[in-house]
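Shown next, in structure tokens, is the structure this report addresses.
The values are calculated or read from the model by the stated rules, or taken from the named source; none is laboratory data. Predicted model only: the values in this text are computed from it and were never measured. Here the Cβ is made from the backbone with ideal geometry for all residues, glycine too, and neighbour counts use every protein chain on show.
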Amino acid sequence: TSFRVRSRWPVMVRNLRGRVGSKVEAVVMGEAVASEDEDLILPNHEFAQHAHVPSFEKYLEMYKRSIEDPAGFWSDMASEFYWKEKWGPHVYSENLDITKGNINIEWFKGGITNICYNCLDKNIESGHGEKIALHWEGNEPGLDDSLTYNQLLDRVCQLANYLKENGVKKGDAVIIYLPMLMELPIAMLACARIGAVHSVVFAGFSAESLEQRIIDCKPKLVLTCNAVKRGKKVINLKDIVDAALLGSSQNGVSVGVCLTYANELAMKKEDTKWQKERDVWWQDVVPKHATKCDVEWVDAEDPLFLLYTSGSTGKPKGVLHTTGGYMIYTAATFKYAFDYKPSDVYWCTADCGWITGHSYVSYGPLLNGATVVLYEGVPNYPDPGRCWDIVDKYKVTIFYTAPTLVRSLMRDGNEYVTRYSRKSLRVLGSVGEPINPSAWRWFYNVVGDSRCPISDTWWQTETGGFMITPLPGAWPQKPGSATFPFFGVQPVIVDEKGKELEGECSGYLCVKNSWPGAFRTLYGDHERYETTYFSAFPGYYFSGDGCSRDKDGYHWLTGRVDDVINVSGHRIGTAEVESALVLHPQCAEAAVVGVEHEIKGQSIYAFVTPVEGVEYSEDFRKSLVLSVRTQIGAFAAPDKIHWAPGLPKTRSGKIMRRILRKIASRQLDELGDTSTLADPQVVDQLIDLADT
Ligand code: PRX
């Protein structure tokens with residue numbers, strides 16, 4: 001068998017075809033070859049035999065159809081779900097070219113459905129009501145709980161009825177500020193059931209950040225809990241919410257009800273600060289409601305959720321996803337990229353406060369009727385073997401995590417891994433940042449016993465679901481490469497002028513077409529959506545990432561090319577950290593860059609110029625870090641404050657970050673040309689102060 005090459009055919013396939021006789025080609029053509037090549041991990045034939053996509057040829061056939069006939073391809077995927085009414089005559093419409101009017105993406109418009117119905121009722125109707133939907137593992141070993149699909153639906157309906165009774169209607173926003181309790185996915189599903197738009201705020205964000213989001217989306221209600229234990233630490237969430245609600249009401253946005261789950265293992269009810277007229281204990285009111293709640297049928301293009309993420313300006317962006325396309329896309333990507341089978345037990349270590357938790361803790365898996373493990377705590381508590389303890393306890397078959405965790409467990413030593421069986425594991429996954437080849441190999445060899453393929457999934461909050469990802473079993477893997485595009489996705493690498501590059505190349509990663517899971521706008525700011533994502537390279541969606549493509553057509557992500565830092569897989573805008581620093585009364589100016597970090601991938605490095613007369617002191621340093629923790633959250637705290645009497649600026653006043661990056665990473669012989677600086681001496685001063 002061979003695949004025919006067409007001129008319209010994407011570059012990556014031409015690349016593969018071009019290498020007649022190469023090992024990759026031999027493998028994709030179904031010939032068994034032994035890998036002498038360190039870089040190539042061949043698919044396991046037994047795995048491939050049972051995989052949804054058993055070969056590269058099958059992938060090519062499906063991929064080709066998804067590109068040539070997106071309407072047909074995605075209609076087939078969509079018809080596996082329940083639609084009260086089918087979509088209109090056009091499966092999709094798109095305009096991705098700013099020169100041709102407003103950017104506009106629609107999928108399945110006119111189709112009437114409900115994602116909560118498809119996650120729960122549909123699975124129950126097809127006979128899986130007694131299957132476990134959620135296993136919950138508490139922070140403390142030995143503490144656990146579970147819900148079947150039937151039980152989950154009951155809980156969701158009770159909360160949905162409560163929300164309705166409190167005036168929440170279709171289109172209203174609800175803020176969810178919860179840790180990884182079962183109430184978190186329950187809350188998301190309850191909103192979806194009644195057509196409300198949830199906005200989950202990661203429960204590690206500070207009061208200021210929460211306040212900002214409340215002011216932006218004006219929720220009818222806030223759902224939270226009093227406290228949570230993470231490792232040995234107790235975090236008082238209710239205090240944070242109180243401060244945020246006070247701040248938002250002073251800014252004219254009052255929230256009527258704060259529904260608070262009493263997490264008594266972390267904090268007693270009587271120790272929780274309370275505002276009688278506003279606060280309600282979840283357990284006092286929700287269980288009294290009926291366990292049946294009619295579904296609010298919505299249009300495929302009605303909003304499902306808002307999720308705030310960082311960009312290159314100080315203000316977080318409210319990424320808006322709609323219902324139908326997101327539903328089909330998360331379901332399909334989950335099924336294929338993890339080769340999901342009904343007997344799988346799936347665990348993703350991400351928090352539902354991030355997009356990974358939306359698409360691949362809640363919606364994607366539940367749409368497939370999967371059994372999902374939710375873990376409340378931190379992965380190395382009480383010791384670095386906890387993950388494998390959980391894997392053995394629930395017989396986890398698919399384990400999806402972030403490179404930062406892999407690297408940190410790798411440092412703790414193999415014994416914590418090998419003392420557990422891990423025999424159940426079948427597929428591993430990675431997300432959040434490029435996974436370096438040595439971490440990839442450790443994950444593959446030690447955690448997966450050289451048996452489990454790794455799906456290194458490249459995607460973003462904006463993309464809704466996986467964009468470039470291996471399909472396990474279908475083709476050889478290269479440690480550190482996200483490999484090939486998912487169905488329907490046409491990634492292109494462009495140079496700085498926006499010219500598409502072919503063959504082996506490196507440049508800016510863009511996408512040429514729309515896909516069902518794409519975000520539709522930035523809440524309240526469509527213009528910012530257009531300029532941020534569609535104006536740099538007209539006609540394309542620009543991801544903000546750099547990427548190279550190798551001679552075999554494999555994609556290698558190289559990190560952000562904009563002012564976004566990726567710390568432990570969390571996206572942080574340099575401008576946000578800078579604004580937090582300059583809010584400190586003794587900080588005159590600040591410039592933030594990312595530097596390489598062994599465990600976190602990148603860490604935050606801040607240059608700070610104090611107001612005149614202020615001297616460096618350890619207390620000042622601490623109070624600057626505290627300023628970031630209170631403005632954004634602990635996860636955004638700078639690791640290093642570099643004292644800067646001045647910052648390197650051009651004559652027009654622009655900070656030259658290129659130079660700051662070199663100083664931060666101590667690449668002092670690569671500073672380059674500093675003659676265009678207004679005051680070149682600043683650089684010497686900074687170098688002198690580097691290790692103070
Ligand atoms: O730089 C890329 C990196 O994470 C960014 C998206 O961050 P966020 O919207 O918070 O979503 C994280 C979870 C999807 C991307 O622009 N990134 C994510 N996954 C990968 C990655 N970089 C390389 N390889 C990945 N697998």
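Yes/no matrix, rows are residues, columns are (1) on the phi > 0 side of the Ramachandran plot; (2) charged (D, E, K, R); (3) part of a strand (DSSP E or B); (4) within 28 Å of the chain's Cα centre (by Cα):
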position: D239; (1), (2), (3), (4): no, yes, no, yes
position: D242; (1), (2), (3), (4): no, yes, no, yes
position: L245; (1), (2), (3), (4): no, no, no, yes
position: L265; (1), (2), (3), (4): no, no, no, no
position: K276; (1), (2), (3), (4): no, yes, no, no
position: Q283; (1), (2), (3), (4): no, no, no, no
position: C293; (1), (2), (3), (4): no, no, no, no
position: G314; (1), (2), (3), (4): no, no, no, yes
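Is it true that T349 is within 16 Å of the ligand (Cβ to nearest atom), closer than 19 Å to V427 by Cβ and surrounded by fewer than 24 Cβ atoms within 10 Å (Cβ to Cβ)? In short, yes. For the stretch 422-438, filtered to residues that are within 16 Å of the ligand (Cβ to nearest atom) and either farther than 18 Å from P472 by Cβ or surrounded by fewer than 19 Cβ atoms within 10 Å (Cβ to Cβ) (or both), the residue that is farthest from the chain's Cα centre (by Cα) is S438.
For the list (1) hydroxyl-bearing (S, T, Y); (2) surrounded by 24 or more Cβ atoms within 10 Å (Cβ to Cβ); (3) within 30 Å of Y420 (Cβ to Cβ), I need the number of the one condition that Y329 fails. Failing condition for Y329: (3). The residues listed here are A190, A203, A133, A160; of these, the one that is part of a loop (DSSP other than H, G, I, E, B) and in contact (Cβ under 8 Å) with a residue 24 or more places away in the chain is A203. Looking at the stretch 585-618, which of its residues are of a type outside the set (V, I, T) and assigned to a loop (DSSP other than H, G, I, E, B)? The answer is P585, Q586, E598, K600, E612, G613, E615, Y616, S617. If you scan the stretch 588-619, which residues turn out to be touching a residue at least 12 places away in the same chain (Cβ under 8 Å) and out of contact with any strand residue (DSSP E or B) (no Cβ under 7 Å at 6 or more places or on another chain)? Hits for the stretch 588-619 are E598, I599, E612, V614.
Here V391 does not fit the description of being free of Cβ contacts under 8 Å to residues at least 60 places away in the same chain, surrounded by fewer than 22 Cβ atoms within 10 Å (Cβ to Cβ) and in a helix (DSSP H, G or I). Count of the stretch 214-227 residues, restricted to those that are buried (at least 23 other Cβ atoms within 10 Å of the Cβ) and in a helix (DSSP H, G or I), is 1. Candidates in the stretch 74-119 are the residues that are touching a residue at least 60 places away in the same chain (Cβ under 8 Å) and among the small types (G, A, S); of these, the one that is nearest to K292 (Cα to Cα) is G111. Within the stretch 554-584, if we keep just the residues that are in a loop (DSSP other than H, G, I, E, B) and surrounded by fewer than 22 Cβ atoms within 10 Å (Cβ to Cβ), the residue that is farthest from the ligand (Cβ to nearest atom) turns out to be H584.
Going by what's in this entry, would L320 be described as in contact (Cβ under 8 Å) with a residue 60 or more places away in the chain, within 16 Å of the ligand (Cβ to nearest atom) and out of contact with any helix residue (DSSP H, G or I) (no Cβ under 8 Å at 6 or more places or on another chain)?
yes
A Cβ distance below 8 Å, combined with a sequence gap of six or more or placement on separate chains, defines the contacts here; from the stretch 269-288, residues that are surrounded by 15 or more Cβ atoms within 10 Å (Cβ to Cβ) reach residues that are in a loop (DSSP other than H, G, I, E, B) and hydrophobic (A, V, I, L, M, F, W, C) in the pairs T272/A262; R278/V255; W281/A262; W282/A262. With respect to the conditions (1) surrounded by 15 or more Cβ atoms within 10 Å (Cβ to Cβ); (2) in contact with a Pro (Cβ under 8 Å, 6 or more places away or on another chain), T99 falls short on a single one, namely (1). State yes or no: is S514 away from the ligand (no atom under 14 Å from the Cβ) and either outside any loop (DSSP other than H, G, I, E, B) or in contact (Cβ under 8 Å) with a residue 40 or more places away in the chain (or both)? So S514 passes the test.
Total residues in the stretch 442-470 satisfying the condition of being of a type in the set (D, E) and within 15 Å of the ligand (Cβ to nearest atom): the figure is 2. Checking the structure you have, find out if any residue of the stretch 59-68 is closer than 30 Å to N380 by Cα and not aliphatic (A, V, I, L, M). No: zero hits. Just checking, which of S408, S430 is farther than 29 Å from G318 by Cβ and among the polar types (S, T, N, Q)? Checking each option against the conditions leaves just S408. Is it true that some residue in the stretch 535-548 is within 15 Å of the ligand (Cβ to nearest atom), without any contact (Cβ under 8 Å) to a residue 60 or more places away in the chain, under 12 Å from V492 (Cβ atoms) and crowded, with 22+ Cβ neighbours inside 10 Å? Yes - at least one qualifying residue is present in the stretch 535-548.
Could you list, in sequence order, all residues of the stretch 92-116 that are within 28 Å of R155 (Cβ to Cβ) and not in a loop (DSSP other than H, G, I, E, B)? I112, T113, I115, C116 - these are the residues of the stretch 92-116 that are within 28 Å of R155 (Cβ to Cβ) and not in a loop (DSSP other than H, G, I, E, B). Selection of the stretch 398-420 for residues being surrounded by fewer than 21 Cβ atoms within 10 Å (Cβ to Cβ) and polar (S, T, N, Q) yields S408, N414, T418. Return yes or no: is I390 at pLDDT 95 or above and within 11 Å of the ligand (Cβ to nearest atom)? So I390 fails the test. I'm trying to understand the selection: among the residues of the stretch 301-312, which are farther than 21 Å from G369 by Cα and more than 16 Å from the ligand (Cβ to nearest atom)? Passing the criteria: E301, D302, P303. Looking across the stretch 354-374, the residues that are within 16 Å of the ligand (Cβ to nearest atom) and either crowded, with 24+ Cβ neighbours inside 10 Å or assigned to a helix (DSSP H, G or I) (or both) come down to I355, T356, G357, H358, S359, Y360, V361, S362, Y363, G364, P365. Residues in the stretch 440-492 that are in a helix (DSSP H, G or I) and buried (at least 23 other Cβ atoms within 10 Å of the Cβ) were compared, and the one that is farthest from the chain's Cα centre (by Cα) is V447.
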